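Have a look at the structure below before the remarks.
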Amino acid sequence: MQLWRRVAWGRVMVQFSLLAITGVFLIVSLWRPIYPHEQFLQHVPTVVALLALSLAVRRRWLSTSALMCIVLFLWLHILGARYIYSYVPYDEWLDKALGFSPTRQFSWRRNHYDRLVHVCFGALAVPPVCEIAQRFGGLRRMWAIVFAVSFTACLSSLYEIAEWIVAIVLSPESAEAYNGQQGDMWDAQKDMALATGSSLLVAILMILARPWRQRDPGPRA
């Protein structure tokens, strides 16, 4: 029993450490911000997510792997928010480090960091949502995966709608910068498609890794 408690306590400490690192990363990203007027809108969801995750860690609702998926997405978002997504200088970083410029190589006309984040959102959301659906929803693994993909697609759509409404209501003069459309009228639709597509890919990989015909022990208590 003592060994189990030590393992459980160690897991909680690791999870709180991940949240602490994320908090430090957030604070550092706000030091001398390049686009100060947009940071409030960008990081309201970040702060809410950190508070919710702190509660989840205290209640031991998530495994470390599920939490890591969420934290990785937050790190990507924090980096993107500093440059309001449209101006993340990944091209300059890669050119200096590897002598490779994606924009030059592929003749891109826009900054694609936001596209990367939407792909990662879809991929990283499926494992934790699947775990939650099994543990608290009582779903079998196959149905939990189906639910996770559906939830991810729905959340992606709702986020695009909420992002537009928040930008128009709270900061209409910077709505374009906050939304990061970069002049693309189909930006929201492309983002939703990328998130849904990557979630489907991860779902297929999860199914192939453990076929649905295999005996499913069901949700953990």
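Among the residues of segment 13-29, just one is surrounded by 15 or more Cβ atoms within 10 Å (Cβ to Cβ) and either over 20 Å from Leu55 (Cα atoms) or touching a strand residue (DSSP E or B) at 6+ places or on another chain (Cβ under 8 Å) (or both), namely Ser29.
Among the residues of segment 91-115, those identified as among the hydroxyl-bearing types (Ser, Thr, Tyr) and free of Cβ contacts under 8 Å to residues at least 24 places away in the same chain are Ser101, Thr103, Ser107. The set of residues in segment 51-62 that are surrounded by fewer than 17 Cβ atoms within 10 Å (Cβ to Cβ) and modelled with pLDDT of 95 or more comprises Leu51, Ala52, Ser54, Leu55.
The condition (being in a helix (DSSP H, G or I), at negative phi and touching an Asp or Glu at 6+ places or on another chain (Cβ under 7 Å)) is satisfied by just one residue among Ala20, Ala66: Ala66.
Residues in segment 64-89 that are surrounded by fewer than 18 Cβ atoms within 10 Å (Cβ to Cβ) and among the hydroxyl-bearing types (Ser, Thr, Tyr): 3 in all. The set of residues in segment 136-149 that are assigned to a helix (DSSP H, G or I) and out of contact with any helix residue (DSSP H, G or I) (no Cβ under 9 Å at 6 or more places or on another chain) contains only Phe136. Taking the criterion of being among the charged types (D, E, K, R) and assigned to a helix (DSSP H, G or I), the residues of segment 91-130 that qualify are Asp91, Glu92, Asp95, Lys96, Arg104, Asp114, Arg115. Figure legend. Inter-residue proximity from segment 30-41: first residues in contact (Cβ under 8 Å) with a residue 60 or more places away in the chain and surrounded by 13 or more Cβ atoms within 10 Å (Cβ to Cβ), second residues hydrophobic (A, V, I, L, M, F, W, C) and assigned to a loop (DSSP other than H, G, I, E, B), beta-carbon distance below 8 Å, spacing 6+ or different chains. Indicated pairs: Tyr35/Ile84; Glu38/Ile84. Looking at segment 173-221, which of the residues that are among the hydrophobic types (A, V, I, L, M, F, W, C) and assigned to a loop (DSSP other than H, G, I, E, B) is modelled with the lowest pLDDT? The extreme case among them is Ala221.
Here Val88 meets the list (1) free of Cβ contacts under 8 Å to residues at least 40 places away in the same chain; (2) among the β-branched types (Val, Ile, Thr); (3) outside any loop (DSSP other than H, G, I, E, B) almost entirely, failing just condition (3).
The values are calculated or read from the model by the stated rules, or taken from the named source; none is laboratory data. None of these values were measured; they are calculated from a predicted model. Note that we place each Cβ from the backbone using ideal geometry, even for glycine, and neighbour counts take in every protein chain shown.
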